[in-house]
1. Among rounded, prolate and oblate, which fits the stretch 50-175 when a ≥ b ≥ c are the square roots of the eigenvalues of its C-alpha gyration tensor, a/c under 1.5 means rounded, and a/b larger than b/c means prolate?
2. Could you sort the peptides 167-175, 39-47 by per-residue average Cβ neighbour count (10 Å cutoff), highest mean leading?
3. Got a sec? What order do 78, 99, 187 fall in by accessible area at 1.4 Å, biggest, i.e. largest, first?
4. May I ask you to give the percent of accessible area on the stretch 48-177 that is carbon plus sulfur, with a probe radius of 1.4 Å?
5. Would you mind counting up the charge near residue 173? Only other residues with Cβ under 14 Å from its Cβ, with Lys and Arg at +1 and Asp and Glu at -1.
6. For the stretch 142-187, what is the accessible area per residue in Å² when the probe is 1.4 Å?
Amino acid sequence: MMKYVVIVICAMPALGMAQISAVGITAGVNIASSNVYAFETGAYFIEFEKIGTGGRFSSGTNVYLNFGAFLEHNLLRKYSLSHSIILHQYYPSYYIVNKSDGDSFGETVSMFAVTYTGLIRLVNKGGLRLLVGPGVDINSMSATEPTFNDGNLNELVTQLQDTFNPVVFYFAGELGYRAGRIDIALKYNHSLNSLTNSLAYQGNNYPIPTRQAFLFFNIGFLVFDKSLRNEKRN
């Protein structure tokens, strides 16, 4: 995973070194959501639930903290690009029911994500801006090894953990407002590919088309702003 992070971080300034207009840091909260998808194997009923329950602020919520940085540079004469990296966590969960005896089990994994978005600015008026563009999550999963008495259930849980996709692509949009060095941004990311690949279990493949979305609300501080520097010089 680290090699992807290094590549993304190194690419940000390289994409616009000659015309950098702003650099900033951000912090805020985000809400994660996904579609609920259920399917059956020969012995089990499985449901992927909404991601993010059990948030940082109170149990049962899906609100989490995130931290990041952004860099902006000019594109041609009319447009500008914004590159941002956000670090955050979310918690996909699934629910398993043994069809033979009705026993049920809930499993949750921890996903640490490095989110990169490259957005083109369509509107920039009076401090208000609107941007759209692509994004990507580079995911690192943390999960415990299953220790159920049922060997088949252990195999199933292990295979479910292996389905999570380390790379998820997004379409992103951002609405923001800037006053001096203070930057406020509301960003929405919606996945273009599934968070989960097909489950390979006991010789069969089961598709799990789980799409996800994130809503970020961040407040940032500009450590460099070309327009403010030019105003001071004038």
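1. Details: a/c = 3.46, a/b = 2.72, b/c = 1.27.
Judged from the Cα gyration tensor, the stretch 50-175 comes out prolate (a/c at least 1.5, a/b above b/c).
2. Numbers: 167-175: 17.8, 39-47: 15.2.
Answer by packing, highest mean first, reads 167-175, 39-47.
3. Numbers: 78 165, 99 95, 187 15 Å².
I get 78, 99, 187, largest accessible area first.
4. Values: 3530 of 6320 Å².
C and S atoms contribute 56 percent here.
5. Net charge around residue 173: +2.
6. Working: 2360 Å² over 46 residues.
Spelled out: the 1.4 Å probe surface of the stretch 142-187, per residue, equals 51 Å².
The values are calculated or read from the model by the stated rules, or taken from the named source; none is laboratory data. As the structure is a prediction and not an experimental result, all values here were calculated from the model. Don't worry about glycine lacking a Cβ; one is built from the backbone with ideal geometry, like all the others, and counts go over all protein chains shown. Heavy atoms of the whole protein, side chains included, go into the accessibility calculation; ligands, DNA and RNA do not. Shrake-Rupley method; radii C 1.70, N 1.55, O 1.52, S 1.80 Å.
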